[in-house]
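Presented below is the structure to which this report refers.
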Amino acid sequence: MDYYELHPVNPQARYINKAIETLKNGGVIIYPTDTLYGIGCDIFNRDALERVYLIKNEPNDKLFSFIIPDLKEISNYARVSDYAYKAMKKLLPGPYTFILPAAKEVPKKLWSKRSTVGIRIPAHPVAINLVRDLGHPIISTSVTNRKGEPIYDPEEIRVVFNPSVDLMLSVGHLEGVESTVVDLSGDEADVIREGAGDTSFFE
């Protein structure tokens, strides 16, 4: 695994570019978000996506969310009601995953049985710079151990995932909690999981 330590606020572009090159070549990376470290790959690379399932030890029908750079891109990947857009505009970027009706451009592998997808716009410059400069969304699934518990220490992550991941971007210890998951695919918001994001907007 290639390993790079980045400044958490002003990440070095040369390291971001190395991660982008890895993603373009079908690689799998570990990167920081505003909640936890994530495992990611280009959502349009089928082989890389299969690797993420293996690395996470997840069944092939497990749904992964993905990161986009900003709301200007949202219509490329989801159908958004006026209410949903208003909510996301107020809360993003931030520690939320929003469930929305899938657009046809998204690989079916990432669709739920209800034809929805999970989308994130995290408030972290590394994650946002990655997807903006790559030009494609990347998978967002938390780095966890075999028990499903988050791993916060980058050195521990490096040891555990060194054989299976191609590159890691580290910004030091990240002791957050998972994102708040809100379903905006229907007429009303449904909070699926309470996490780092405040849910009072939906009460």
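To keep it simple, each residue is scored yes or no on (1) assigned to a loop (DSSP other than H, G, I, E, B); (2) surrounded by 14 or more Cβ atoms within 10 Å (Cβ to Cβ).
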position	(1), (2)
Lys109	no, yes
Ala123	yes, yes
Thr141	no, yes
Lys147	yes, no
Tyr152	yes, yes
Val165	yes, yes
Val181	no, yes
Gly197	yes, yes
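Suppose we filter Val28, Val80 for residues that are farther than 21 Å from His124 by Cα and among the β-branched types (Val, Ile, Thr); which single one remains? The conditions single out Val80. Being of a type outside the set (Asp, Glu), over 21 Å from Glu178 (Cβ atoms) and more than 17 Å from the chain's Cα centre (by Cα) is a description that does not apply to Arg46. Could you tell me whether region 11-34 includes any residue that is at pLDDT below 95 and among the hydroxyl-bearing types (Ser, Thr, Tyr)? No, the conditions are met nowhere in region 11-34.
For region 1-34, filtered to residues that are closer than 15 Å to Ser170 by Cβ and of a type in the set (A, V, I, L, M, F, W, C), the residue that is surrounded by the fewest Cβ atoms within 10 Å (Cβ to Cβ) is Val9. For region 143-158, the condition holds for at least one residue, the condition being that it is modelled with pLDDT under 95 and in contact with a Lys or Arg (Cβ under 9 Å, 6 or more places away or on another chain).
Pairs meeting the criteria (first residue in region 190-203 and in contact (Cβ under 8 Å) with a residue 12 or more places away in the chain and within 18 Å of Pro122 (Cβ to Cβ), second residue in a loop (DSSP other than H, G, I, E, B) and among the aliphatic types (A, V, I, L, M), beta carbons under 8 Å, at least 6 apart or on different chains) are Gly195/Val177; Ala196/Val177.
Against the numbered list (1) in contact with a strand residue (DSSP E or B) (Cβ under 7 Å, 6 or more places away or on another chain); (2) within 29 Å of Pro101 (Cβ to Cβ); (3) buried (at least 24 other Cβ atoms within 10 Å of the Cβ), Lys56 comes up short only at (3). Among the residues of region 59-77, the one identified as farther than 23 Å from Gly195 by Cα and surrounded by 17 or more Cβ atoms within 10 Å (Cβ to Cβ) is Tyr77.
Residue pairs whose Cβ atoms lie under 7 Å apart, separated by 6 or more positions or on different chains, with the first residue in region 112-136 and more than 21 Å from Val28 (Cβ to Cβ) and the second acidic (Asp, Glu), are Ile121/Asp70; Ala123/Asp34. The set of residues in region 125-138 being surrounded by 23 or more Cβ atoms within 10 Å (Cβ to Cβ) and outside any helix (DSSP H, G or I) consists of Pro137, Ile138.
Of the residues that sit in region 78-99 and are of a type in the set (A, V, I, L, M, F, W, C) and surrounded by fewer than 21 Cβ atoms within 10 Å (Cβ to Cβ), which one is nearest to Pro137 (Cα to Cα)? Step through it out loud before you land on a result.
Narrowing region 78-99 to residues of a type in the set (A, V, I, L, M, F, W, C): 78, 80, 84, 87-88, 91-92, 98-99.
So of that shortlist, the ones also surrounded by fewer than 21 Cβ atoms within 10 Å (Cβ to Cβ) come out as 87, 91-92.
On the way: Ala87: 21, Leu91: 19, Leu92: 16 Å.
Checking each candidate, the answer is Leu92.
Residues that are in contact with a helix residue (DSSP H, G or I) (Cβ under 8 Å, 6 or more places away or on another chain) and closer than 30 Å to Ser81 by Cβ: does region 163-172 have at least one? Within region 163-172 (the criterion being in contact with a helix residue (DSSP H, G or I) (Cβ under 8 Å, 6 or more places away or on another chain) and closer than 30 Å to Ser81 by Cβ), the answer is no, since none of the residues qualifies. Inspect all residues belonging to region 31-46 and state whether any of them is polar (S, T, N, Q), touching a residue at least 24 places away in the same chain (Cβ under 8 Å) and within 25 Å of Asn145 (Cα to Cα). Yes, region 31-46 contains at least one residue that is polar (S, T, N, Q), touching a residue at least 24 places away in the same chain (Cβ under 8 Å) and within 25 Å of Asn145 (Cα to Cα).
The values are calculated or read from the model by the stated rules, or taken from the named source; none is laboratory data. From a predicted model like this one, the values you see are computed outputs, not experimental measurements. Here Cβ is always computed from backbone atoms with ideal geometry, including for glycine, and neighbour counts include all displayed protein chains.
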